[in-house]
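The values are calculated or read from the model by the stated rules, or taken from the named source; none is laboratory data. Keep in mind the model is a prediction, meaning the values are calculated, not measured. For neighbour counting, all protein chains shown are included, and Cβ atoms are generated from backbone atoms with ideal geometry for every residue, glycine included. Keep in mind that these areas ignore ligands, DNA and RNA; they rest on the heavy atoms of the full protein, side chains included. Shrake-Rupley method; radii C 1.70, N 1.55, O 1.52, S 1.80 Å.
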Amino acid sequence: MRHLGARDGAQRLVASDAPEVAAAELDRLTGMERARARQAVRMRAMAGAAPSRGPHANPHRGAGMGHGRGGPGGRMHGGEKARDFAGTMRKMLSFMGQFKLHILLILAFAIGSTVFNIVGPKVLSEATTALFDGTIAQINGTGGIDFSLIGRVLLTTLILYLVSAACSWVQNWTMSYVSQETCYRLRRAIAQKVDRMPFGYFEENSTGDTLSRITNDVDTLGQSLNQGVTQLVTSVVTVIGVVAMMLSIDWLLTLIALVMVPLSLLLVGLVVKVSQRHFYAQQALLGKVNAQTEETFSGHQIVRAFGREDETVHLFEEANDALYEAGWKSQFLSGLMRPVMDLIGNAGYVAVAVTGAFLAVQGTITVGDIQAFIQYVKNFTQPITQLAQVSNVLQQLAAAAERIFAFIDQPEMPPEEQTHLADQVGSDVRFDDVTFGYDPAHPVIRGFSMDVAEGQTVAIVGPTGAGKTTIVKLLMRFYEVSSGEISVGGMSLRDFSKDDSRRMFAMVLQDTWLFNGTIRENIRYGRLDATDADVEEAARRACADHFIRTLPGGYDFEVNEDATNISQGQKQLLTIARALIADRRILILDEATSSVDTSTEAMIQEAMDNLMVGRTSFVIAHRLSTIKGADSIIVMDEGAVVEVGCHEELLAAGGRYAELYNSQFDEMREDVG
């Protein structure tokens, strides 16, 4: 049940326009189940694909395989800098404000761990001094080694280090929680955002790049946050504490050690300036490679059918080479800091050792103080090195966060109050002088008017690009009309919330969509509370029961991720069964038989006839022979209605419909001949 519930939850991320539904469902997803949420993003993008877009359409776009700005069709120039580092970090700090108490706890224990660790060498120096002085006294015959004092000092040092380790453990545990919870909430925010974004976004941006933001970028942000915040706090506290302890020992040695700091900062600044742009380019190019990989795997049959393997590999190699270039430069510059800082640190170490020996000979400081100071020098250069590394980590964090927040800050569909009117109105539909364009300057639909009575079947036909599928998208409110009105049951669609209006419709599309799961689960997707008996009854009415029972496992047969282990016709019958079990009053059938053979078409037509009984139906048909029995046929051309009538009337008129109908039979005769 957990498996099914998680799967249904992932699918409901797309089925609902309500952000709280997405949040509630994503809360339940973990591990492998969370991967199903990524499929939700893909499905959302597929739902937004626009076959007829008018003069500004992208000819390369397809359902879920677009060449958007972040996809393979675009060009990401290596070396691009983060556009707003400071602004992104402000947004990140604002987002992290919800973890104020946790962050204060992290700071407190980080400071405690560092302070106890810093005090340790100073305390331990007393044991070194006692051992040295005792040894000298023993040699001179004036005394001996005070082992009790040394024992107390060592015990105190051990306690200090144990307390430091305990504080460090609490700090790391809390930081791990904060970083993972941040990733979790950002993924949830992106999933919620998907439901609130207009469909146009997914037509202009590649699915792979969107998926990369919810996977690669969020993971990078989490790792950088976990590593960067801890190191930043401990490094700053260590530097301050070590300087204070060194000053308490000797000011001259401290001055020698501090001389190395300006040189270190200069080198760090130079490296950061060069490496920052490579880190952002690395994240952006990672999204591009991810987009190419995703769409190539999705369309591998088309790639092979058209012999584009070499070109695809070439495009991938270009993007991969650019990613390699940005990756090695950013990592090389990041790794360059350690040896440079070690060199500076060792130089300071040698200078302190020589000067300390000279001062010890003069009796200015003790041997234990020299030993402690040398440890502090080592402890001083290490946090400087860590701060240099933190700067790189913060660049990675900013590059990932910038892409995440850029997505979250995208314009959203306007908020709306939920309505519950769908069950209170009839199923008659009216289009009143509807005009619409994906680009307002270039309308796809112009002055479209149509009245569909309750229970009537209306077929919409016309050449490619006439605007047939756009009518469906307007009915489903994937887009809003530019002018005019669409009403159902006498009420404007605008009076319904989107979620409420869509509860009146069931869709069967040419591009079938099934998810990785059993046949029973795929049919039940139309109504999640349906019983097994309801599922089997819907399959029988959809003429799918017979073929289902011939499969291994029957209704428990597992459909693979791309649904390639059943035929196209079988997939279409399952989508009809899914629409049947949903039991909606208005049907949209978008060229549901155009991709199957004639015998399968007859079976699908019978299933659709069962589905349309008692329902208002819109049928978009390519094969005009399948719509002879429609109550009314609307002929569209260039976004306008050019003819209206039944099959016989339109044939007798000898107009555009007759031309389309006869041309199909001419093609059939040529094929037979």
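Values as computed for the structure displayed
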{"read-out": "Residue list for region 284-301, restricted to those being under 18 Å from T564 (Cβ atoms) and within 15 Å of the chain's Cα centre (by Cα)", "value": "E294"}
{"read-out": "Flag for I370 being assigned to a helix (DSSP H, G or I), surrounded by fewer than 20 Cβ atoms within 10 Å (Cβ to Cβ) and of a type in the set (V, I, T)", "value": "no"}
{"read-out": "Residues located in region 528-542, provided they are surrounded by 21 or more Cβ atoms within 10 Å (Cβ to Cβ) and either over 21 Å from M612 (Cα atoms) or touching a residue at least 60 places away in the same chain (Cβ under 8 Å) (or both)", "value": "A542"}
{"read-out": "Helices (runs of 4 or more DSSP H) (entirely within region 546-654) containing at least 2 residues that are touching a residue at least 12 places away in the same chain (Cβ under 8 Å), more than 38 Å from the chain's Cα centre (by Cα) and more than 30 Å from D532 (Cβ to Cβ)", "value": "647-653"}
{"read-out": "Qualifying residue in region 173-181 (condition: charged (D, E, K, R) and either open to solvent by 60 Å² or more (accessible area, probe 1.4 Å) or closer than 24 Å to Q382 by Cβ (or both))", "value": "no"}
{"read-out": "The lone exception for L158 - which of (1) without any contact (Cβ under 8 Å) to a residue 24 or more places away in the chain; (2) of a type outside the set (V, I, T); (3) open to solvent by 60 Å² or more (accessible area, probe 1.4 Å); (4) within 30 Å of A406 (Cβ to Cβ) it fails", "value": "(4)"}
{"read-out": "Checking T575 against (1) surrounded by 21 or more Cβ atoms within 10 Å (Cβ to Cβ); (2) modelled with pLDDT of 85 or more; (3) in contact with a helix residue (DSSP H, G or I) (Cβ under 6 Å, 6 or more places away or on another chain), the condition it does not meet", "value": "(3)"}
{"read-out": "Residue that is open to solvent by less than 80 Å² (accessible area, probe 1.4 Å), modelled with pLDDT under 85 and among the charged types (D, E, K, R), where the choices are D146, D133", "value": "D146"}
{"read-out": "Region 202-248: number of residues that are surrounded by fewer than 20 Cβ atoms within 10 Å (Cβ to Cβ), farther than 23 Å from L107 by Cα and in contact with a Phe, Trp or Tyr (Cβ under 9 Å, 6 or more places away or on another chain)", "value": "1"}
